[in-house]
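Worksheet: the structure to be examined is printed underneath.
The values are calculated or read from the model by the stated rules, or taken from the named source; none is laboratory data. Keep in mind that what you see is a predicted model, and the values were worked out from it rather than measured. Virtual Cβ from ideal backbone geometry, glycine too; neighbours counted across all protein chains shown. Accessible surface is based on the protein model in full, side chains and every heavy atom, while ligands, DNA and RNA are left aside. Shrake-Rupley method; radii C 1.70, N 1.55, O 1.52, S 1.80 Å.
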Amino acid sequence: MSAPAHWVRTTLDAIKADSENAIAGGPFGSDLTQADYVDHPDGVPVIRGCNLGHGERRFYPDELVFVHPDKAEALRRSQALPGDVIFTQRGTVSQVGLVPDDLPWRRFLLSQSQMKLTCDPARADPEYVYYWCRSPEVQRYVENWTIAAGVPHTNLSTLRQTPLLLPPLPEQRAIAAALSALDRRISLCDDQRAVLVKLVDLLFRTWFIEHQPTADKAVGRRHPTVDPELYSRLAPAFHEHDDRRFPLAYRLLPLTDLAEFQNGSAFGMSDFSAGEGLPIIKIGELKQGITRQTRYCVHRDNSRRIDRGDLLLSWSGNPDTSIDTFLYFGGPAWLNQHIFKVVTPRPEDRAYMFGLLRSLKPKLLAFARAKQTTGLGHVTLKDLKTLVVEYPPVMMRDAFDGLTAPYFAKIGACDDLRATLVAARDDLLLRLMSAQARLRP
């Protein structure tokens, strides 16, 4: 990669802070286990792989776990501070994160699978280093030096020798500021999408778990989310069966009677093409969208194809991060194994099924954890068949589809805008880090 003459080619080790453990890894496996996680008001958060991503966000604080302060102190060589750059050492080794400075905690602890770099602020801006470590040059370096035997992993020596192209500090900050502005827009899309999904969840709970429209009609009221036509057709009565109380017109049915759960296809190296054909949608793509790590395939017999608006259920992986329900708003694609395409008898039933599967997530996680080995769990069709749900009549499902249609349209718009912003950011990242584009400080 060519660069201006005043840019310096060096390594991450050369720009680490002049402090103890400026480059460090997590503790040994036996020194930090799940048994050490506590619910303590002064607990120290542990950074795990689920708190990092592939560039879609710098840090995910939602699934933090905590250890007692005494435990964190005993493992202080593996502590990280706001502004530290975090790397995954074992597992998804391409992950990079940046510890934010706007969280309530002033110190963190690395898990066994993470590494960290504390930058020398006189030489390197941490934001710039974070973005540089997401550049194609570093991603290729990590891929070339990853030890693929067993669980993919790398080490501190490889991290220290990671190549770094370093402009003067003012240019570093200008580059980081430009990329951060796009990241903030992407985060706003994510936040708006999350709010819209929560609204759909709330409506589903109100209608189909608490059965508020029927309960209100039983006392002569019309629920504000129910239009007069639906209100006139509601039966103001409940049925009780095996400690379950639900509206009279509902039926008890196994979940697998409500839709067809079609598994995705397995793809091997021989199926991949050089960016041609359709993208292969794995759990990573469902969470992050299409990225530079996405594989493509031109065609393969009997592959599962998906398209915009399809309902998907990921059923295998780490229960804490992988088991979930998704509405896919990308273009035509191939569906990878470990994900069900959920096909309802009618398109109008999709909104109801989306809300139902999200409401069943605690039970799906329980199935996955019961079969969890080496961090992975899964949900089977046999598990899904044991879930007996209170199935509403078609008029309720149609009304719910109409009520939530504006929310789903906005969710799709958020995904479209996010994809555009991600593509713009990644293109700018490539141009800035290769000096094809320059920014004045």
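What to note about this one:
- Within a Gaussian network of the chain (alpha carbon springs, distance under 10 Å), most fluctuating of 425, 134, 308: 308
- Under 5 Å between amide hydrogens, built in the peptide plane, is the criterion, and for residue 119 it picks out 17, 85 among residues at least 5 positions away or on other chains.
- Rg/Rh, computed from the Cα trace of segment 327-441 with Rh as the Kirkwood radius, has the value 1.12.
- Cβ-derived FRET efficiency at R0 22 Å, residue 156 paired with residue 102, nearest 0.05: 0.20
- Within straight-line cross-link reach of residue 198, lysines at Cα separation under 23 Å, skipping those fewer than 8 residues along the same chain: 287, 341, 361, 363, 410
- Spin-label zone in segment 78-117 - amide nitrogen under 20 Å from a point set 7 Å from the Cα of residue 14 along the C-beta vector: 85, 117
- For segment 378-441: span of alpha carbons on each principal axis (Å, largest first): 62, 33, 15
- Positive-end residue of 115, 52, 432, charge dipole of the chain with Cβ unit charges: 432
- Residue-normalised accessible area of the chain, given per residue in Å² at a 1.4 Å probe: 48
- Secondary structure note: in the chain, about 90% of the DSSP beta bridges are antiparallel.
- Kirkwood Rh (inverse of mean 1/r, distinct Cα pairs), segment 72-215, angstrom: 18.0
- Most mobile listed residue (146, 386, 256) in the chain, GNM with C-alpha springs under 10 Å: 386
- Taking 0.36 nm per residue of sequence separation and removing the Cα-Cα distance, the residue 169/residue 343 pair yields an extension gain of 57.3 nm.
- Computed over protein heavy atoms with a 1.4 Å probe, the carbon and sulfur contribution to the accessible area of segment 239-353 reaches 46%.
- The slack in the chain from residue 209 to residue 235, taken as 0.36 nm per residue of separation less the alpha-carbon distance, amounts to 7.7 nm.
- Over segment 1-67, Cα pairs under 8 Å with separation of 6+ residues give a relative contact order of 27 percent.
- Quarter of Cα convex hull surface for the chain, i.e. mean projection, nm²: 24.2
- Principal axes of segment 226-301: Cα extent on each, largest first, Å: 60, 30, 22
- Its Cα gyration tensor gives segment 275-387 an equivalent ellipsoid, and the semi-axes of that ellipsoid, as √(5λ) in whole Å with the largest first, are 24, 18, 12.
- Whole-Å distance, taken between Cα centres, linking segment 352-420 and segment 72-151: 33
- Considering only 349, 201, 216, the Gaussian network model of the chain with Cα springs below 10 Å gives its largest mean-square fluctuation to 216.
- Using C-alpha pairs under 8 Å with a sequence gap of at least 6, the mean separation divided by the residue count of the chain gives a relative contact order of 16 percent.
- Efficiency of FRET between residue 76 and residue 148 - r from beta-carbon atoms, R0 25 angstrom, step 0.05: 0.20
- Helix runs (DSSP H) in the chain reaching 20 Å along axis by Cα, Kyte-Doolittle at least 1.6: none
- The apolar share of the surface of segment 1-156, taken as the fraction of accessible area on carbon and sulfur atoms (1.4 Å probe, ligands and nucleic acids excluded), comes to 51 percent.
- Residue 115 contributes about 0 Å² of solvent-accessible surface, heavy atoms of the protein only, 1.4 Å probe.
- Label zone at residue 187, where the point sits 7 Å out along the Cα-to-Cβ direction: segment 274-307 residues whose backbone N lies under 19 Å: 288-289
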